[in-house]
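Colleague: Take a look at the following structure, please.
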Amino acid sequence: MINLKAELKDVSSIKSDALVMFIPSDDKSNKSSKRKLENLLGKSISPTSIKDVTGKAGETTVLYTPDIFASKRIILTGIGESEKVNLEYIRRAGAVAAKKAQGLKLSSIAYILDIFDNSDLKLDDSLEDISCAIAEGAALGIYKFPTYFSDEEQKSNPLQSATLIAHTKKNLKEIERGVKRAAIISEGVYLARDLGNTPGLDLYPETLAAIARNECRKAGCKVTIFDEKKIESLRMGGILSVSKGSEQSPRFIIIEWNGGKRTEKPHVLVGKGITFDTGGISIKPSANMGEMKMDMSGAAAVIGAMKAAAMMKLRVNLIGLIPACENMPSGKAIRPGDVIRIMDGTSVEVDNTDAEGRLILADALVYAKRYKPKAVVDLATLTGACVVALGHYATGMMGNDENIIEALKAAGNRSYERVWELPLYDEYEKLIKSDIADVKNVGGRWAGAITAGWFLKKFVDNYQWVHLDIAGTAILEESGDYTQKGASGVGVRLLIEWLRTV
Ligand code: BES
Ligand code: MN
Ligand code: ZN
(Lines give C-alpha, C1' and ligand atoms only; values in the text may rest on other atoms or scores of the structure.)
(Ligands and ions follow the chains in the order given, each with its own letter.)
Protein backbone atom coordinates (compact mmCIF):
# COMPACT_ATOMS: atom_id res chain seq x y z
CA MET A 1 0.00 0.00 0.00
CA ILE A 2 1.09 3.52 -0.81
CA ASN A 3 2.18 5.60 2.18
CA LEU A 4 -0.41 8.36 2.79
CA LYS A 5 0.46 11.36 4.96
CA ALA A 6 -0.22 15.01 5.76
CA GLU A 7 2.31 17.85 6.13
CA LEU A 8 2.36 21.56 6.90
CA LYS A 9 4.58 23.18 4.26
CA ASP A 10 5.10 26.12 1.98
CA VAL A 11 4.45 25.17 -1.67
CA SER A 12 7.97 25.97 -2.91
CA SER A 13 9.66 23.94 -0.16
CA ILE A 14 7.67 20.71 -0.65
CA LYS A 15 10.04 17.98 -1.76
CA SER A 16 8.31 15.50 -4.02
CA ASP A 17 8.56 14.24 -7.58
CA ALA A 18 5.43 16.15 -8.47
CA LEU A 19 2.99 18.59 -6.94
CA VAL A 20 -0.65 18.03 -7.82
CA MET A 21 -2.99 20.96 -8.33
CA PHE A 22 -6.65 20.70 -9.21
CA ILE A 23 -8.06 22.95 -11.95
CA PRO A 24 -11.81 23.51 -12.41
CA SER A 25 -13.30 23.63 -15.92
CA ASP A 26 -15.85 26.42 -15.77
CA ASP A 27 -14.60 29.68 -17.24
CA LYS A 28 -14.51 31.80 -14.11
CA SER A 29 -12.77 29.37 -11.75
CA ASN A 30 -10.53 28.08 -14.52
CA LYS A 31 -9.21 31.60 -15.20
CA SER A 32 -8.76 32.46 -11.56
CA SER A 33 -6.89 29.24 -10.72
CA LYS A 34 -4.60 29.81 -13.69
CA ARG A 35 -3.93 33.34 -12.50
CA LYS A 36 -2.93 31.97 -9.11
CA LEU A 37 -0.69 29.45 -10.81
CA GLU A 38 1.04 32.22 -12.76
CA ASN A 39 1.58 34.19 -9.57
CA LEU A 40 3.07 31.13 -7.97
CA LEU A 41 5.37 30.19 -10.82
CA GLY A 42 6.35 33.78 -11.70
CA LYS A 43 8.07 34.62 -14.95
CA SER A 44 9.31 31.07 -15.51
CA ILE A 45 6.06 30.05 -17.10
CA SER A 46 4.72 31.55 -20.29
CA PRO A 47 0.98 32.22 -20.00
CA THR A 48 0.38 30.32 -23.23
CA SER A 49 1.77 27.09 -21.81
CA ILE A 50 -1.24 26.72 -19.52
CA LYS A 51 -3.74 28.15 -21.96
CA ASP A 52 -4.76 24.68 -23.15
CA VAL A 53 -5.53 23.41 -19.67
CA THR A 54 -9.31 23.03 -19.72
CA GLY A 55 -9.83 21.59 -16.24
CA LYS A 56 -12.13 18.90 -17.61
CA ALA A 57 -12.44 15.91 -15.29
CA GLY A 58 -9.86 13.26 -16.21
CA GLU A 59 -7.42 15.69 -17.88
CA THR A 60 -3.80 15.97 -16.74
CA THR A 61 -1.04 18.36 -17.83
CA VAL A 62 2.53 18.12 -16.60
CA LEU A 63 4.53 21.34 -16.09
CA TYR A 64 8.18 21.59 -15.09
CA THR A 65 8.89 24.02 -12.29
CA PRO A 66 11.65 26.64 -11.93
CA ASP A 67 14.66 25.88 -9.71
CA ILE A 68 13.33 27.68 -6.67
CA PHE A 69 10.84 24.82 -6.26
CA ALA A 70 11.91 21.70 -4.37
CA SER A 71 9.43 19.67 -6.47
CA LYS A 72 10.37 19.33 -10.12
CA ARG A 73 6.94 18.94 -11.65
CA ILE A 74 3.37 20.04 -11.29
CA ILE A 75 0.58 17.75 -12.44
CA LEU A 76 -2.38 19.96 -13.23
CA THR A 77 -5.45 17.78 -12.83
CA GLY A 78 -8.89 18.64 -14.13
CA ILE A 79 -11.66 18.43 -11.56
CA GLY A 80 -14.67 19.51 -13.66
CA GLU A 81 -17.20 22.28 -13.22
CA SER A 82 -16.80 23.93 -9.83
CA GLU A 83 -20.57 23.97 -9.28
CA LYS A 84 -20.74 20.19 -9.66
CA VAL A 85 -17.65 19.18 -7.72
CA ASN A 86 -18.41 16.78 -4.87
CA LEU A 87 -16.51 14.13 -2.93
CA GLU A 88 -16.72 11.66 -5.82
CA TYR A 89 -15.25 14.13 -8.33
CA ILE A 90 -12.48 14.79 -5.83
CA ARG A 91 -11.83 11.08 -5.24
CA ARG A 92 -11.58 10.55 -9.00
CA ALA A 93 -9.28 13.54 -9.52
CA GLY A 94 -7.07 12.23 -6.72
CA ALA A 95 -6.89 8.90 -8.54
CA VAL A 96 -6.27 10.40 -11.98
CA ALA A 97 -3.29 12.41 -10.66
CA ALA A 98 -1.80 9.42 -8.83
CA LYS A 99 -2.13 7.22 -11.91
CA LYS A 100 -0.46 9.89 -14.05
CA ALA A 101 2.45 9.99 -11.59
CA GLN A 102 2.59 6.20 -11.53
CA GLY A 103 2.72 6.19 -15.34
CA LEU A 104 5.70 8.58 -15.22
CA LYS A 105 7.33 6.19 -12.71
CA LEU A 106 7.47 8.89 -10.04
CA SER A 107 7.83 7.75 -6.46
CA SER A 108 6.22 10.62 -4.55
CA ILE A 109 3.49 13.21 -5.08
CA ALA A 110 2.11 16.07 -3.00
CA TYR A 111 -1.44 17.37 -3.31
CA ILE A 112 -1.98 21.10 -2.89
CA LEU A 113 -5.34 21.74 -1.26
CA ASP A 114 -5.59 25.56 -1.33
CA ILE A 115 -8.33 25.39 -3.92
CA PHE A 116 -10.74 23.85 -1.40
CA ASP A 117 -10.72 26.80 0.93
CA ASN A 118 -10.76 29.71 -1.42
CA SER A 119 -13.61 31.12 -3.42
CA ASP A 120 -12.88 29.06 -6.56
CA LEU A 121 -14.38 25.96 -5.03
CA LYS A 122 -16.64 26.20 -2.03
CA LEU A 123 -17.95 22.86 -0.80
CA ASP A 124 -20.11 21.92 2.15
CA ASP A 125 -17.88 18.95 2.90
CA SER A 126 -15.30 19.21 5.66
CA LEU A 127 -11.62 19.38 4.84
CA GLU A 128 -11.34 16.04 6.63
CA ASP A 129 -13.79 14.41 4.20
CA ILE A 130 -12.15 16.10 1.20
CA SER A 131 -8.72 14.88 2.29
CA CYS A 132 -10.08 11.38 2.84
CA ALA A 133 -11.52 11.36 -0.70
CA ILE A 134 -8.25 12.51 -2.32
CA ALA A 135 -6.12 10.01 -0.41
CA GLU A 136 -8.60 7.20 -1.04
CA GLY A 137 -8.56 8.04 -4.75
CA ALA A 138 -4.76 7.93 -4.80
CA ALA A 139 -4.52 4.58 -3.01
CA LEU A 140 -7.39 2.84 -4.79
CA GLY A 141 -6.45 4.27 -8.19
CA ILE A 142 -3.01 2.69 -8.27
CA TYR A 143 -4.10 -0.70 -6.89
CA LYS A 144 -2.49 -3.66 -8.64
CA PHE A 145 -2.72 -7.40 -8.12
CA PRO A 146 0.85 -8.46 -8.93
CA THR A 147 0.94 -11.85 -7.17
CA TYR A 148 0.98 -14.04 -10.26
CA PHE A 149 3.24 -12.00 -12.55
CA SER A 150 6.90 -12.96 -12.99
CA ASP A 151 8.06 -9.81 -14.74
CA GLU A 152 9.45 -7.18 -12.32
CA GLU A 153 8.07 -4.37 -14.45
CA GLN A 154 4.55 -5.75 -14.16
CA LYS A 155 4.94 -6.34 -10.43
CA SER A 156 6.35 -2.91 -9.61
CA ASN A 157 4.44 -0.04 -8.12
CA PRO A 158 6.70 3.02 -8.45
CA LEU A 159 4.46 5.48 -6.60
CA GLN A 160 5.37 5.00 -2.95
CA SER A 161 3.94 8.02 -1.18
CA ALA A 162 1.28 10.69 -1.44
CA THR A 163 1.34 13.71 0.87
CA LEU A 164 -1.53 16.12 1.38
CA ILE A 165 -0.23 19.60 2.04
CA ALA A 166 -1.75 21.85 4.68
CA HIS A 167 -1.11 25.56 4.82
CA THR A 168 -2.30 26.22 8.38
CA LYS A 169 -1.94 24.30 11.64
CA LYS A 170 -5.69 23.92 11.98
CA ASN A 171 -5.87 22.56 8.45
CA LEU A 172 -3.18 20.05 9.23
CA LYS A 173 -5.23 18.43 12.03
CA GLU A 174 -8.26 17.99 9.78
CA ILE A 175 -6.22 16.74 6.86
CA GLU A 176 -4.38 14.27 9.10
CA ARG A 177 -7.67 12.78 10.29
CA GLY A 178 -8.93 12.40 6.72
CA VAL A 179 -5.71 10.86 5.46
CA LYS A 180 -5.57 8.41 8.35
CA ARG A 181 -9.13 7.28 7.69
CA ALA A 182 -8.37 6.88 3.98
CA ALA A 183 -5.28 4.78 4.72
CA ILE A 184 -7.25 2.37 6.90
CA ILE A 185 -10.22 2.11 4.54
CA SER A 186 -7.96 1.60 1.53
CA GLU A 187 -6.15 -1.18 3.35
CA GLY A 188 -9.53 -2.85 3.89
CA VAL A 189 -10.44 -2.42 0.20
CA TYR A 190 -7.03 -3.76 -0.89
CA LEU A 191 -7.59 -6.84 1.25
CA ALA A 192 -11.07 -7.38 -0.23
CA ARG A 193 -9.79 -6.92 -3.79
CA ASP A 194 -6.84 -9.27 -3.24
CA LEU A 195 -9.15 -11.95 -1.85
CA GLY A 196 -11.53 -11.58 -4.81
CA ASN A 197 -8.75 -11.68 -7.39
CA THR A 198 -7.06 -14.77 -5.92
CA PRO A 199 -7.92 -17.89 -7.96
CA GLY A 200 -9.92 -20.74 -6.48
CA LEU A 201 -6.87 -22.99 -6.70
CA ASP A 202 -5.29 -21.00 -3.89
CA LEU A 203 -8.32 -19.51 -2.15
CA TYR A 204 -10.67 -22.12 -0.72
CA PRO A 205 -12.57 -22.23 2.57
CA GLU A 206 -9.56 -23.25 4.65
CA THR A 207 -7.24 -20.58 3.22
CA LEU A 208 -9.96 -17.93 3.25
CA ALA A 209 -10.45 -18.65 6.95
CA ALA A 210 -6.70 -18.51 7.62
CA ILE A 211 -6.36 -15.11 5.92
CA ALA A 212 -9.42 -13.75 7.75
CA ARG A 213 -7.90 -14.93 11.03
CA ASN A 214 -4.47 -13.39 10.38
CA GLU A 215 -5.67 -10.07 9.04
CA CYS A 216 -8.45 -9.49 11.55
CA ARG A 217 -6.50 -10.66 14.61
CA LYS A 218 -3.69 -8.31 13.66
CA ALA A 219 -6.21 -5.47 13.79
CA GLY A 220 -7.50 -6.51 17.24
CA CYS A 221 -10.50 -8.70 16.44
CA LYS A 222 -11.34 -12.06 17.97
CA VAL A 223 -11.64 -14.77 15.31
CA THR A 224 -13.23 -18.22 15.68
CA ILE A 225 -13.33 -20.82 12.91
CA PHE A 226 -15.72 -23.77 12.84
CA ASP A 227 -14.55 -26.83 10.87
CA GLU A 228 -16.83 -29.33 9.15
CA LYS A 229 -17.32 -31.41 12.32
CA LYS A 230 -18.51 -28.40 14.27
CA ILE A 231 -20.72 -27.32 11.36
CA GLU A 232 -22.25 -30.81 11.36
CA SER A 233 -22.93 -30.68 15.07
CA LEU A 234 -24.73 -27.36 14.57
CA ARG A 235 -26.81 -28.94 11.77
CA MET A 236 -25.97 -26.21 9.29
CA GLY A 237 -27.49 -28.18 6.41
CA GLY A 238 -27.14 -25.43 3.80
CA ILE A 239 -23.39 -25.23 4.22
CA LEU A 240 -22.96 -29.00 4.46
CA SER A 241 -24.94 -29.76 1.32
CA VAL A 242 -23.34 -27.07 -0.84
CA SER A 243 -19.84 -28.26 0.05
CA LYS A 244 -20.67 -31.95 -0.41
CA GLY A 245 -19.49 -32.09 -4.02
CA SER A 246 -16.12 -30.51 -3.25
CA GLU A 247 -12.82 -31.98 -2.04
CA GLN A 248 -12.53 -28.82 0.08
CA SER A 249 -14.30 -28.94 3.41
CA PRO A 250 -16.36 -25.91 4.48
CA ARG A 251 -15.61 -23.40 7.21
CA PHE A 252 -17.78 -21.04 9.24
CA ILE A 253 -15.81 -17.94 10.18
CA ILE A 254 -16.76 -15.67 13.10
CA ILE A 255 -15.00 -12.32 13.50
CA GLU A 256 -15.73 -10.11 16.51
CA TRP A 257 -14.87 -6.50 17.21
CA ASN A 258 -16.00 -5.16 20.57
CA GLY A 259 -15.50 -1.42 20.34
CA GLY A 260 -18.82 -0.50 21.96
CA LYS A 261 -20.21 -0.72 25.47
CA ARG A 262 -20.39 -4.21 26.92
CA THR A 263 -24.18 -4.10 27.09
CA GLU A 264 -24.67 -2.75 23.59
CA LYS A 265 -26.23 -5.16 21.07
CA PRO A 266 -23.99 -5.93 18.09
CA HIS A 267 -24.38 -5.21 14.41
CA VAL A 268 -23.88 -8.41 12.43
CA LEU A 269 -22.33 -8.52 8.96
CA VAL A 270 -22.83 -11.69 6.91
CA GLY A 271 -20.80 -12.38 3.76
CA LYS A 272 -21.33 -15.06 1.11
CA GLY A 273 -18.10 -17.04 0.89
CA ILE A 274 -18.38 -19.31 -2.14
CA THR A 275 -14.69 -19.60 -3.03
CA PHE A 276 -15.61 -20.99 -6.44
CA ASP A 277 -19.04 -21.46 -7.98
CA THR A 278 -19.19 -23.98 -10.82
CA GLY A 279 -22.94 -24.22 -10.34
CA GLY A 280 -22.59 -27.79 -9.07
CA ILE A 281 -24.64 -30.43 -10.93
CA SER A 282 -26.68 -27.55 -12.43
CA ILE A 283 -23.34 -26.63 -13.97
CA LYS A 284 -22.69 -23.18 -15.44
CA PRO A 285 -21.66 -22.62 -19.07
CA SER A 286 -17.88 -22.30 -19.46
CA ALA A 287 -17.85 -18.75 -20.86
CA ASN A 288 -16.67 -16.42 -18.07
CA MET A 289 -16.95 -19.12 -15.44
CA GLY A 290 -13.54 -17.96 -14.19
CA GLU A 291 -15.27 -14.89 -12.74
CA MET A 292 -16.83 -17.19 -10.18
CA LYS A 293 -13.56 -17.16 -8.23
CA MET A 294 -15.02 -13.85 -7.03
CA ASP A 295 -18.17 -15.47 -5.65
CA MET A 296 -16.72 -14.86 -2.18
CA SER A 297 -16.84 -11.07 -2.63
CA GLY A 298 -19.44 -10.72 0.14
CA ALA A 299 -17.08 -12.49 2.50
CA ALA A 300 -14.21 -10.31 1.28
CA ALA A 301 -16.21 -7.16 2.01
CA VAL A 302 -16.99 -8.36 5.53
CA ILE A 303 -13.36 -9.29 6.23
CA GLY A 304 -12.10 -5.95 4.83
CA ALA A 305 -14.71 -3.97 6.77
CA MET A 306 -14.08 -5.83 10.05
CA LYS A 307 -10.36 -5.20 9.73
CA ALA A 308 -10.91 -1.51 8.93
CA ALA A 309 -13.47 -1.06 11.74
CA ALA A 310 -11.00 -2.50 14.24
CA MET A 311 -8.10 -0.41 12.95
CA MET A 312 -10.30 2.70 13.22
CA LYS A 313 -11.37 1.57 16.69
CA LEU A 314 -15.01 2.23 15.84
CA ARG A 315 -17.06 2.44 19.02
CA VAL A 316 -19.51 -0.28 18.03
CA ASN A 317 -19.87 -3.99 18.67
CA LEU A 318 -19.58 -5.92 15.44
CA ILE A 319 -19.85 -9.56 14.44
CA GLY A 320 -18.77 -10.83 11.04
CA LEU A 321 -20.19 -14.21 9.95
CA ILE A 322 -18.87 -16.00 6.89
CA PRO A 323 -20.12 -19.35 5.60
CA ALA A 324 -17.36 -20.57 3.24
CA CYS A 325 -17.80 -23.40 0.69
CA GLU A 326 -16.74 -24.45 -2.76
CA ASN A 327 -19.64 -25.37 -5.10
CA MET A 328 -18.52 -28.34 -7.22
CA PRO A 329 -20.18 -31.14 -9.21
CA SER A 330 -19.11 -34.68 -8.32
CA GLY A 331 -20.48 -38.08 -7.39
CA LYS A 332 -20.97 -36.75 -3.89
CA ALA A 333 -22.66 -33.49 -4.86
CA ILE A 334 -26.29 -32.67 -4.06
CA ARG A 335 -28.68 -33.10 -6.98
CA PRO A 336 -31.56 -31.02 -8.26
CA GLY A 337 -34.64 -32.29 -6.44
CA ASP A 338 -32.85 -33.10 -3.20
CA VAL A 339 -34.39 -31.82 0.02
CA ILE A 340 -32.09 -30.49 2.73
CA ARG A 341 -32.59 -28.87 6.13
CA ILE A 342 -31.27 -25.46 7.19
CA MET A 343 -30.01 -24.99 10.77
CA ASP A 344 -33.47 -23.94 12.03
CA GLY A 345 -35.09 -27.12 10.64
CA THR A 346 -36.70 -25.51 7.57
CA SER A 347 -36.72 -27.98 4.68
CA VAL A 348 -35.57 -26.73 1.28
CA GLU A 349 -36.10 -28.34 -2.10
CA VAL A 350 -32.90 -27.72 -4.05
CA ASP A 351 -34.35 -27.30 -7.52
CA ASN A 352 -31.13 -25.79 -8.88
CA THR A 353 -27.72 -26.43 -7.31
CA ASP A 354 -26.48 -23.15 -8.79
CA ALA A 355 -28.68 -21.23 -6.36
CA GLU A 356 -26.22 -22.18 -3.60
CA GLY A 357 -25.47 -18.80 -2.05
CA ARG A 358 -28.88 -18.48 -0.41
CA LEU A 359 -28.49 -21.95 1.15
CA ILE A 360 -25.30 -21.11 3.01
CA LEU A 361 -26.55 -17.61 3.90
CA ALA A 362 -29.70 -19.15 5.41
CA ASP A 363 -27.59 -21.01 7.99
CA ALA A 364 -25.67 -17.82 8.78
CA LEU A 365 -28.87 -15.74 9.17
CA VAL A 366 -30.23 -18.37 11.57
CA TYR A 367 -26.94 -18.42 13.48
CA ALA A 368 -26.99 -14.59 13.73
CA LYS A 369 -30.07 -14.83 15.98
CA ARG A 370 -27.98 -15.91 18.97
CA TYR A 371 -26.31 -12.50 19.14
CA LYS A 372 -29.68 -10.73 19.58
CA PRO A 373 -28.42 -8.31 16.95
CA LYS A 374 -29.45 -4.69 16.60
CA ALA A 375 -29.22 -5.18 12.84
CA VAL A 376 -27.96 -7.71 10.31
CA VAL A 377 -26.58 -6.77 6.89
CA ASP A 378 -25.70 -9.52 4.45
CA LEU A 379 -23.61 -9.04 1.32
CA ALA A 380 -23.62 -11.58 -1.50
CA THR A 381 -22.86 -11.99 -5.19
CA LEU A 382 -26.24 -13.66 -5.21
CA THR A 383 -27.93 -13.39 -8.60
CA GLY A 384 -27.23 -12.78 -12.26
CA ALA A 385 -30.72 -11.26 -12.28
CA CYS A 386 -29.46 -8.38 -10.15
CA VAL A 387 -26.76 -7.64 -12.74
CA VAL A 388 -29.43 -7.64 -15.45
CA ALA A 389 -31.56 -5.22 -13.41
CA LEU A 390 -28.92 -2.75 -12.19
CA GLY A 391 -25.70 -3.39 -14.12
CA HIS A 392 -22.41 -2.50 -12.45
CA TYR A 393 -23.28 0.86 -10.92
CA ALA A 394 -25.68 0.01 -8.12
CA THR A 395 -25.95 -2.72 -5.52
CA GLY A 396 -29.39 -4.27 -5.12
CA MET A 397 -30.90 -3.76 -1.67
CA MET A 398 -33.80 -5.44 0.08
CA GLY A 399 -34.77 -5.28 3.72
CA ASN A 400 -37.40 -5.25 6.43
CA ASP A 401 -36.79 -1.90 8.13
CA GLU A 402 -37.14 1.61 6.74
CA ASN A 403 -34.54 3.16 9.07
CA ILE A 404 -31.67 0.88 8.21
CA ILE A 405 -32.58 0.98 4.51
CA GLU A 406 -32.42 4.78 4.54
CA ALA A 407 -29.18 4.76 6.51
CA LEU A 408 -27.55 2.46 3.97
CA LYS A 409 -28.82 4.57 1.07
CA ALA A 410 -27.23 7.64 2.65
CA ALA A 411 -23.95 5.80 3.29
CA GLY A 412 -24.06 4.55 -0.30
CA ASN A 413 -24.39 8.05 -1.69
CA ARG A 414 -21.58 9.43 0.48
CA SER A 415 -19.16 6.59 -0.29
CA TYR A 416 -20.43 6.38 -3.88
CA GLU A 417 -20.93 2.65 -3.40
CA ARG A 418 -24.54 3.28 -4.22
CA VAL A 419 -27.41 0.96 -3.37
CA TRP A 420 -30.87 0.77 -4.95
CA GLU A 421 -33.87 -0.75 -3.25
CA LEU A 422 -35.90 -3.57 -4.80
CA PRO A 423 -39.30 -4.47 -3.32
CA LEU A 424 -40.00 -7.54 -1.19
CA TYR A 425 -43.77 -7.42 -1.76
CA ASP A 426 -45.77 -10.32 -0.32
CA GLU A 427 -46.90 -11.38 -3.80
CA TYR A 428 -43.38 -12.58 -4.67
CA GLU A 429 -43.34 -15.11 -1.84
CA LYS A 430 -45.45 -17.71 -3.68
CA LEU A 431 -42.82 -17.95 -6.44
CA ILE A 432 -40.58 -20.00 -4.14
CA LYS A 433 -43.29 -22.40 -2.94
CA SER A 434 -42.31 -26.07 -3.18
CA ASP A 435 -44.54 -29.07 -3.80
CA ILE A 436 -42.61 -31.26 -1.41
CA ALA A 437 -40.76 -29.03 1.08
CA ASP A 438 -41.21 -25.82 3.12
CA VAL A 439 -39.55 -23.73 0.42
CA LYS A 440 -37.76 -24.06 -2.91
CA ASN A 441 -34.38 -22.49 -3.62
CA VAL A 442 -35.34 -20.94 -6.97
CA GLY A 443 -38.29 -18.92 -8.13
CA GLY A 444 -38.39 -19.33 -11.89
CA ARG A 445 -37.76 -16.81 -14.63
CA TRP A 446 -38.98 -13.52 -13.19
CA ALA A 447 -37.65 -11.21 -10.47
CA GLY A 448 -34.66 -13.44 -9.69
CA ALA A 449 -32.96 -10.96 -7.38
CA ILE A 450 -36.19 -10.51 -5.39
CA THR A 451 -37.06 -14.20 -5.06
CA ALA A 452 -33.50 -14.74 -3.76
CA GLY A 453 -34.13 -11.94 -1.26
CA TRP A 454 -37.44 -13.50 -0.26
CA PHE A 455 -35.74 -16.84 0.30
CA LEU A 456 -33.31 -15.17 2.73
CA LYS A 457 -36.15 -13.32 4.46
CA LYS A 458 -37.61 -16.66 5.50
CA PHE A 459 -34.59 -17.20 7.75
CA VAL A 460 -34.48 -13.70 9.20
CA ASP A 461 -35.62 -13.46 12.83
CA ASN A 462 -37.20 -10.36 14.31
CA TYR A 463 -34.08 -8.26 13.87
CA GLN A 464 -33.57 -5.35 11.45
CA TRP A 465 -32.18 -6.77 8.25
CA VAL A 466 -30.81 -5.65 4.90
CA HIS A 467 -29.66 -7.86 2.06
CA LEU A 468 -27.19 -6.39 -0.46
CA ASP A 469 -26.87 -8.20 -3.79
CA ILE A 470 -23.41 -7.16 -5.00
CA ALA A 471 -23.26 -9.50 -8.03
CA GLY A 472 -22.93 -6.54 -10.42
CA THR A 473 -20.82 -4.21 -8.29
CA ALA A 474 -18.23 -6.67 -6.92
CA ILE A 475 -17.12 -8.08 -10.27
CA LEU A 476 -16.08 -5.47 -12.84
CA GLU A 477 -15.63 -5.98 -16.58
CA GLU A 478 -13.71 -2.74 -17.04
CA SER A 479 -11.65 -0.30 -15.00
CA GLY A 480 -12.82 3.06 -13.69
CA ASP A 481 -10.79 5.98 -12.32
CA TYR A 482 -10.18 4.24 -9.00
CA THR A 483 -11.38 0.71 -9.73
CA GLN A 484 -9.74 -1.95 -11.85
CA LYS A 485 -11.16 -4.76 -13.92
CA GLY A 486 -11.77 -7.73 -11.62
CA ALA A 487 -12.65 -7.59 -7.93
CA SER A 488 -13.80 -4.11 -6.84
CA GLY A 489 -13.74 -4.63 -3.08
CA VAL A 490 -17.23 -3.12 -3.00
CA GLY A 491 -18.92 -3.04 0.39
CA VAL A 492 -15.94 -2.09 2.54
CA ARG A 493 -16.35 1.65 2.04
CA LEU A 494 -20.14 1.42 2.19
CA LEU A 495 -20.16 -0.54 5.46
CA ILE A 496 -17.58 1.69 7.15
CA GLU A 497 -19.46 4.83 6.09
CA TRP A 498 -22.65 3.32 7.52
CA LEU A 499 -21.04 2.08 10.74
CA ARG A 500 -19.48 5.49 11.42
CA THR A 501 -23.02 6.81 11.88
CA VAL A 502 -24.78 4.06 13.87
N1 BES B 1 -22.88 -16.58 -7.92
C2 BES B 1 -24.03 -16.67 -8.74
C3 BES B 1 -24.61 -15.31 -9.12
C4 BES B 1 -23.75 -14.42 -9.98
C5 BES B 1 -23.91 -14.41 -11.35
C6 BES B 1 -22.84 -13.56 -9.42
C7 BES B 1 -23.14 -13.57 -12.14
C8 BES B 1 -22.08 -12.71 -10.21
C9 BES B 1 -22.23 -12.72 -11.56
C10 BES B 1 -25.12 -17.44 -8.03
O11 BES B 1 -24.70 -18.45 -7.19
C12 BES B 1 -25.97 -18.06 -9.08
O13 BES B 1 -25.47 -18.89 -9.79
N14 BES B 1 -27.21 -17.65 -9.16
C15 BES B 1 -28.12 -18.17 -10.14
C16 BES B 1 -29.46 -18.37 -9.50
C17 BES B 1 -30.44 -19.07 -10.36
C18 BES B 1 -30.04 -20.52 -10.54
C19 BES B 1 -31.80 -18.99 -9.72
C20 BES B 1 -28.20 -17.16 -11.29
O21 BES B 1 -28.20 -15.96 -11.02
O22 BES B 1 -28.23 -17.60 -12.44
MN1 MN C 1 -24.43 -20.29 -8.19
ZN1 ZN D 1 -22.86 -18.26 -6.40
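The values are calculated or read from the model by the stated rules, or taken from the named source; none is laboratory data. Everything numeric here is computed off the predicted structure, so don't read it as measured data. Neighbour counts run over all protein chains shown; Cβ positions are idealised from the backbone, glycine included. Only protein heavy atoms, including side chains, enter the accessible area calculation; ligands, DNA and RNA are left aside. Shrake-Rupley method; radii C 1.70, N 1.55, O 1.52, S 1.80 Å.
Colleague: Loop only by DSSP, 10 or fewer other Cβ within 10 Å of the Cβ. Give me the trypsin sites (Lys or Arg not before Pro) in the range 437-484 that pass, ordered by residue number.
Modeller: Hits after loop and neighbour filter: Arg445.
Colleague: List the trypsin sites (Lys or Arg not before Pro) within the range 189-280 that DSSP assigns to loop and that have no more than 13 neighbouring Cβ atoms inside 10 Å.
Modeller: The qualifying sites are Lys261, Arg262.
Colleague: Please list, in chain and number order, the residues 5+ apart from Ala110 or on another chain whose amide H is under 5 Å from its amide H, with Hs placed from the backbone.
Modeller: Here the answer is Ala18, Leu19, Val20, Thr163, since their amide H atoms fall under 5 Å of that of Ala110.
Colleague: Continuing with this model, one more query. Quick one: Karplus J couplings for the range 383-397, per residue in order, coefficients 6.51, -1.76, 1.60, θ = phi - 60°, nearest Hz, x for Gly and Pro?
Modeller: 9, x, 4, 5, 5, 4, 6, 10, x, 9, 10, 8, 8, x, 10
Colleague: So, one more: What residue among Gly345, Gly331, Leu361 has its Cα farthest toward the positive end of the dipole of the range 278-364, where the charges are +1 on Lys, Arg and -1 on Asp, Glu, each on the Cβ?
Modeller: It is Leu361, whose Cα lies furthest towards the positive end.
Colleague: Continuing with the same structure: Name the lysines eligible as straight-distance cross-link partners of Lys28: C-alpha to C-alpha under 21 Å, and not fewer than 8 places from it in the same chain.
Modeller: By straight Cα distance, Lys28 reaches Lys36, Lys51, Lys56, Lys84, Lys122.
Colleague: Given the chain, what percent of its DSSP beta bridges are antiparallel, to the nearest 5?
Modeller: 40 percent
Colleague: Related question: If you count only protein heavy atoms with a 1.4 Å probe, what accessible area per residue comes out for the range 3-192, rounded to a whole Å²?
Modeller: On a per-residue basis, the range 3-192 sits at 46 Å².
Colleague: Compute the longest continuous run of the chain that contains no exposed chymotrypsin sites (Phe, Trp or Tyr not before Pro); treat a site as exposed when its DSSP state is not H, G, I, E or B and it has at most 16 other Cβ atoms within 10 Å.
Modeller: The longest uninterrupted stretch comes out as 150-392.
Colleague: Separate question: Ordered by residue, what ³J(HN,Hα) values in Hz, to whole numbers, does the range 483-489 give under the Karplus form 6.51 cos²θ - 1.76 cosθ + 1.60, where θ = phi - 60° and Gly and Pro are x?
Modeller: 10, 10, 3, x, 6, 8, x
Colleague: Okay, moving on. If you stretched the chain out fully between Lys84 and Glu206, how much longer would it get, using 0.36 nm times the residue separation minus the C-alpha to C-alpha distance?
Modeller: 39.2 nm
Colleague: Continuing with this model, one more query. In the range 3-192, what % of DSSP beta bridges are antiparallel (nearest 5)?
Modeller: 20 percent
Colleague: By how many degrees, between 0 and 90 and to the nearest 10, does the Cα long axis of helix 127-141 differ from the longest principal axis of the chain?
Modeller: It works out to around 70 degrees.
Colleague: A further question on this structure: Enumerate the lysines that Lys307 could reach by cross-link, defined here as Cα to Cα under 18 Å, with residues fewer than 8 away along the same chain left out.
Modeller: Lys180, Lys218, Lys222, Lys272
Colleague: Still on this structure, I have one more. From the backbone phi of the range 318-330, what are the Karplus-calculated ³J(HN,Hα) couplings (6.51 cos²θ - 1.76 cosθ + 1.60, θ = phi - 60°) in whole Hz, Gly and Pro given as x?
Modeller: Result, ordered by residue: 10, 10, x, 10, 10, x, 10, 8, 10, 9, 10, x, 5 Hz.
Colleague: May I pose another question? Just how many pairs of Lys in the range 405-502 have C-alpha atoms closer than 29 Å, counting pairs that are eight or more places apart or on different chains?
Modeller: For the range 405-502, qualifying lysine pairs total 11.
Colleague: With axes computed from alpha carbons, what is the tilt in degrees of helix 169-197 against the longest principal axis of the chain, rounded to the nearest 10 within 0 to 90?
Modeller: That helix lies at roughly 40 degrees to the long axis.
Colleague: Taking a ≥ b ≥ c as the square roots of the Cα gyration tensor eigenvalues, with a/c under 1.5 meaning rounded and otherwise prolate when a/b beats b/c, else oblate, which class fits the range 198-499?
Modeller: Rounded is the answer for the range 198-499, as its axis ratio a/c remains below 1.5.
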